[in-house]
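Remarks on the structure that follows.
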Amino acid sequence: MSRVIPTDNSLDNLTQLFSRRGLIDHLRTSIKHPDNLGIIYINVVGFRHINHIYGHDLADDLLKLFARILKGLVRQKGVLARLAADEFIIAITQVADLHYMSTLVERIDNAFRQPLLCQGELVAMQLRFGMSANGAAPFCDDCPIESLLSQASLAAQYARSQDSSEAVLFNLEIERQLSRHSRLRHDLQMAISKQQLYLLYQPIIKTQTGDICGAEALLRWQHPIYGLVPAEETIAIAESSGLIEHLSKWVLANCLSWLRDNESDLPFGFRLGINLSAKLLESANYLAFCIEQISAVPTLGYALEFEITESKNFDNDTRVNDFMNALHALGVVFSLDDFGTGYASFERMQSLDFDAVKLDRSIVHMADQSSAGKHMITAIVALLKPLGMTIVAEGIEGNTQMDTIRRLKCHEAQGFWLYKPMLAGEFHALICQQTS
Ligand code: C2E
Ligand code: MG
Ligand code: MG
């Protein structure tokens, strides 16, 4: 095997591993055929924070230590490179079978489960792994090495997006999902101005009378290529790309405008539920926007409800309380959404001033299950009742569920079996039909 004499830019100065250029040159001369090549891509999660917390000096030493340990684990079986501060490559040149690569990843993962001792500090490192090898997916014949490197990088990006510590092997579906994600992320910025977003309204009824007493506003995005994008995906993209505040302001403004236009037709005590991303509870900017918008037509505050999902944890209950107090003063109420999917924390219910609780679909569906399930839902409602909150049952999909919810005297109900989410105009017509 011919050896490449490292030139200046073929080595990474810090770790003395190959640089990207050095690795590619080395592989080009040493690999007879890309069939023999497998790539493991290692990403150190949150390395930026390590730099920030411990300083560059320690972070540099940590990377050197990391590279040394990695070398010991890989030994003669592969070639190591550092592509960027937090990106390492192991090119397996001798036994490029997937079983060997997976076992190696497991060994590396185990080795870094314990924090490393560096300059007297114990520093934890979290790793994400992507792998690529010939046969797992087709690659570009002109530049097979670059192709395999970028495939492994995409696989690691996917592992990061899934928060998975298991190695992800590149395939075409991963590429498709990542490219959809980047496209949506890019397009969301313009979705509002291009009028691709709209709201559906799902009616909520009083369980004892069947009358509509409110609705939940649900976001929809009609994307020109991908069609209807699920609300949860849109929200996740908005949260991770810093667009959530902009988007949520649009949702609130739209809901208020719908309430203003239809105020005279709404039944007494009507509430329109708006889902609130937990991230915004700590945003002074968003709170100021809410106060300004709601104060413009003071009666509308009494027709608004903010739903906060239980599955998200809040960092700062005091801030959240301040947010809730400020809006409570304008008549807005708050509900704890998806109860039963998160911590079902009674402590949180006590410390935060919720007016209503929405039982998640998974709890409501216990009504159809074993007798243990039925006992469970009965017990959950019995526990919630004395807290004096309005209990709303979500996701009613059938008769038995509705009967159970009625028998347990939950106050309100929502679900496809009652009404599906509908367009604003349709919902308005439905209300007018009820009040006429
Ligand atoms: P959620 O707040 O729990 O909203 C209820 C979800 O359950 C809605 O899904 C609704 O269409 C669905 N649903 C209602 N009844 C039934 C039923 O009987 N069976 C089943 N299987 N599903 C039912 P959707 O619209 O896809 O929204 C999903 C989640 O996305 C919402 O869950 C909420 O957390 C979030 N979301 C929606 N719109 C917004 C928004 O404007 N802002 C924020 N921050 N989140 C939103
Ligand atoms: Mg909700
Ligand atoms: Mg819910």
Open item on the list: Quick check: pseudo-label points 7 Å beyond the Cα along Cα→Cβ at C143 and K32, how many nm apart are they?
Closed with: 2.7 nm
TODO: Would you mind counting up the charge near F339? Only other residues with Cβ under 12 Å from its Cβ, with Lys and Arg at +1 and Asp and Glu at -1.
DONE: -3
- [ ] Any chance you could give the angle, 0 to 90 degrees and rounded to 10, that helix 20-30 forms with the longest Cα principal axis of the chain?
- [x] 50 degrees
Task: Only Lys, Arg (+1) and Asp, Glu (-1) charged, at Cβ; the chain dipole about Cα centre in debye - done: 900 debye
Open item on the list: Ordering D317, D163, D109 by accessible area with a probe of 1.4 Å, largest first, what comes out?
Closed with: D163, D317, D109
Task: Cross-link partners of K71 among lysines (Cα-Cα below 25 Å; sequence separation of 8 or more within a chain) - done: K32
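Could you state, as a whole-number percent, how many of the C-alpha pairs of region 397-436 are farther apart than 13 Å?
Percent of Cα pairs beyond 13 Å in region 397-436: 61.
At 4 °C and 1.567 mPa s, what whole-number value in µm²/s does Stokes-Einstein give for the translational diffusion of region 264-362, with Rh from the Kirkwood sum over Cα pairs?
Working: Rh = 14.0 Å.
The Stokes-Einstein estimate is 93 µm²/s.
In cubic angstrom, how much convex hull volume per residue do the alpha carbon atoms of region 1-131 span? Let's see the in-between values first.
On the way: hull volume 12.6 nm³, N = 131.
Spelled out: Cα convex hull of region 1-131, divided by residues, is 96 Å³.
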Task: Percent of beta bridges antiparallel (DSSP, the chain, rounded to nearest 5) - done: 60 percent
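At 1.4 Å probe radius, can you tell me the per residue accessible area of region 194-435 in Å²? Write out the running numbers ahead of the final one.
Details: 10980 Å² over 242 residues.
On a per-residue basis, 45 Å².
Strictly over 19 Å apart at the Cα level, which of K206/K279; K358/K409; K206/K385; K206/K420; K358/K385; K206/K358 would you flag in this model? Could you put the intermediate results ahead of the total?
Working: K206/K279 31 Å; K358/K409 14 Å; K206/K385 16 Å; K206/K420 16 Å; K358/K385 13 Å; K206/K358 13 Å.
Table pairs above 19 Å Cα-Cα are K206/K279.
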Task: Label point distance in nm, D211-S165, each placed 7 Å from Cα along Cα→Cβ - done: 5.5 nm
TODO: Mind pulling the per residue volume of the convex hull built on the Cα atoms of region 175-310? Å³ is fine.
DONE: 132 Å³
Open item on the list: Which order do you get for E173, E292, E282 if you rank them by accessible area with a 1.4 Å probe, largest at the top?
Closed with: E292, E173, E282
TODO: Report the accessible area of R183, computed with a 1.4 Å probe over the heavy atoms of all protein chains in place, in Å² rounded to the nearest 10.
DONE: 100 Å²
Task: Along principal axes, Cα extents of the chain, largest first, whole Å - done: 88, 49, 48
- [ ] Return the sequence-ordered ³J(HN,Hα) values of region 145-159 in whole Hz as given by the Karplus equation 6.51 cos²θ - 1.76 cosθ + 1.60 applied to θ = phi - 60°, using x for Gly and Pro.
- [x] 5, 4, 4, 5, 5, 6, 5, 5, 5, 5, 5, 5, 4, 5, 4
Task: Value of Rg/Rh across region 294-425 [Cα atoms, Kirkwood radius] - done: 1.00
Task: Local electrostatic count at L418 - Lys and Arg +1, Asp and Glu -1, tallied over other residues with Cβ under 15 Å - done: -2
Task: Translational diffusion of region 194-435, µm² s⁻¹ [Kirkwood Rh, Cα pairs; Stokes-Einstein; 37 °C; 0.692 mPa s] - done: 178 µm²/s
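The values are calculated or read from the model by the stated rules, or taken from the named source; none is laboratory data. What you are looking at is a predicted structure, and each value in this text was computed from that prediction instead of being measured. Backbone-built Cβ (ideal geometry, glycine too); neighbour counts: all protein chains shown. When the accessible area is computed, the model is the full protein with side chains, heavy atoms only, and any ligands, DNA or RNA have been set aside. Shrake-Rupley method; radii C 1.70, N 1.55, O 1.52, S 1.80 Å.
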